[in-house]
Amino acid sequence: MASLEVLILSGPRQDQRFDLQGPSIYFGRHEDNALTVTGRYVSRQHGEMLFANDNWSIINQSDNGTEVNGKRIGKKPLRLKNQDIISVGGESLFQITIPLTQPLTSEHSIGQSIAEESASENPSARRKKIWIGISVYMALVLIFFIYLGTITRTSKQAIESPLELTTTQIATAIAKPPTVAVLDARTGEMSLRQANELFLRQEISIDGPYRAYRAYQMALAHSGRTYFKQGLDQRRFDTLQETLTQTVHHRYTEAYERLRSREYRAAERQFRRLNDYYPDSTSSVFRNIEAQRKFILAKIRKYKR
């Protein structure tokens with residue numbers, strides 16, 4: 001029976017792998033599905049993966065839609081390829097791996113076939129054909145191992161592409177509060193005054209919104225609170241958080257689309273500007289962007305050679 005390997009990319013089962021059996025695999029948020037996935041826009045029975053004519057295909061069954069490698073699919077089945085990423089609402093759910101199957105012919109069956117074909121011939125001719133068959137077989141085995149070694153060397157030299165961040169991952173990273181070793185009410189008050197000043201002058205620099213938001217975060221961290229007592233301070237904090245989340249997600253998606261289209265120089269430039277806008281080196285978003293840039297620059301150097 002056809003099988004399919006699935007790597008979960010988000011949700012409580014992130015990074016878990018599952019080997020699923022065909023010919024039909026339903027996926028969605030309900031536990032009755034062969035593959036249960038979670039996500040904001042995932043339906044109870046969201047779609048189906050089918051194996052037919054030696055190929056896997058995917059069918060969308062939800063009004064919320066389904067994307068394969070970032071492109072929304074229609075109502076007709078779409079043929080799946082190895083390492084395709086399935087997403088819903090811009091959130092990457094899982095990646096598929098299609099096992100390679102190749103029937104191998106045994107040495108016994110080769111020898112048996114040669115023997116049957118040469119049964120009516122004289123012993124000398126039969127021996128000659130047998131040795132020719134064995135020589136051809138050994139040559140094919142040698143070619144196979146040379147080819148396997150070439151693939152292995154190529155795979156070792158391959159550049160690993162970092163995973164694309166989801167909307168949820170970006171929002172969670174931005175909202176994550178900083179930690180301080182010791183609470184200090186005075187430092188908290190100074191940070192709050194600085195935050196309000198930066199809020200009014202956030203347009204001065206590209207990282208202005210981030211600097212104001214960071215000052216509000218430090219004010220909360222030093223005071224040991226999770227929200228501000230003054231309504232104005234809390235509204236400004238919420239506004240900055242929403243602005244940062246939407247802007248970072250929008251720019252990240254644009255840069256990744258450039259990367260997916262192999263517009264490497266444009267993608268690297270957009271990722272670099274995004275880190276200028278959100279320069280929090282302790283954030284998983286910042287580290288992912290740096291990894292994306294490293295991957296892109298390696299690609300550019302490779303094409304220059």
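The values are calculated or read from the model by the stated rules, or taken from the named source; none is laboratory data. None of the values given here were measured: they were computed from a predicted structure. So basically every Cβ, Gly included, is an ideal-geometry build from the backbone, and we count neighbours across all protein chains shown. Protein only, heavy atoms only, side chains kept; ligands, DNA and RNA dropped before computing areas. Shrake-Rupley method; radii C 1.70, N 1.55, O 1.52, S 1.80 Å.
Could you give the accessible area per residue of the chain, probe 1.4 Å, as a whole number in Å²?
Here the residues of the chain average 64 Å² of exposed surface.
Say we join alpha carbon atoms closer than 10 Å with springs in a Gaussian network model of the chain; which of Asn69, Asn53, Asn288 then has the biggest fluctuation?
Highest fluctuation of the listed residues: Asn53.
If you put +1 on each Lys and Arg Cβ and -1 on each Asp and Glu Cβ, how big is the dipole of the chain around its Cα centre, in Debye rounded to 20?
1120
Quick check: at a probe of 1.4 Å, how many percent of the accessible area of the chain sits on carbon and sulfur atoms?
53
Return the sequence-ordered ³J(HN,Hα) values of segment 4-13 in whole Hz as given by the Karplus equation 6.51 cos²θ - 1.76 cosθ + 1.60 applied to θ = phi - 60°, using x for Gly and Pro.
My calculation for segment 4-13 gives 8, 9, 10, 10, 6, 9, 8, x, x, 9 Hz in order.
Kirkwood Rh, Cα Rg: Rg to Rh for the chain?
My calculation of the ratio gives 1.18.
Within segment 40-100, which trypsin sites (Lys or Arg not before Pro) sit in a loop by DSSP and count at most 15 neighbouring Cβ atoms inside 10 Å?
Arg40, Arg44, Lys75, Lys81
Show the residues, 5+ positions off or on another chain, whose built amide H is closer than 5 Å to the amide H of Phe94.
Here Leu9, Ile86 satisfy the definition.
What whole-number volume per residue, in cubic angstrom, does the convex hull of the C-alpha atoms of segment 10-98 give?
Looking at segment 10-98, the number lands at 87 Å³ per residue.
Going down the list Lys81/Lys302; Lys81/Lys294; Lys176/Lys302; Lys75/Lys302; Lys71/Lys176; Lys81/Lys176, which pairs span over 32 Å between their C-alpha atoms?
Cα-Cα > 32 Å for Lys176/Lys302; Lys75/Lys302; Lys81/Lys176; rest within.
For Ala2, which sequence-distant residues (separation of 5 or more, or a different chain) have an amide H within less than 5 Å of its own amide H, given hydrogens modelled in the peptide plane?
Answer set, sorted by chain and number: Gly22.
So, how do all the Cα-to-Cα distances of segment 226-305 break down into 10 Å bins, in percent, from 0 on up?
18, 40, 24, 12, 5, 1
Can you list the chymotrypsin sites (Phe, Trp or Tyr not before Pro) in segment 199-232 that are in a DSSP coil and have 12 or fewer other beta carbons within 10 angstrom?
Tyr227
Search the structure for amide H atoms under 5 Å from the amide H of Tyr26, placed 1.01 Å from N in the peptide plane, and list their residues when 5 or more places away or on another chain.
Here the answer is Ala34, Leu35, Met49, since their amide H atoms fall under 5 Å of that of Tyr26.
Given Cα pairs under 8 Å that are at least 6 residues apart, what percent is the relative contact order of the chain?
With pairs under 8 Å counted, the relative contact order is 11 percent.
Where does segment 129-269 land on Rg/Rh, using Cα atoms and the Kirkwood Rh?
That ratio is 1.41, to two decimals.
Whats the longest run of the chain with zero GluC sites (Glu not before Pro) that are DSSP loop and have at most 10 other Cβ atoms within 10 Å?
The longest uninterrupted stretch comes out as 32-159.
Which whole DSSP H helices in the chain pass both tests: a Cα extent of 27 Å or more along the axis and a mean Kyte-Doolittle value no lower than -1.0?
Length and hydropathy pass: 123-157, 284-304.
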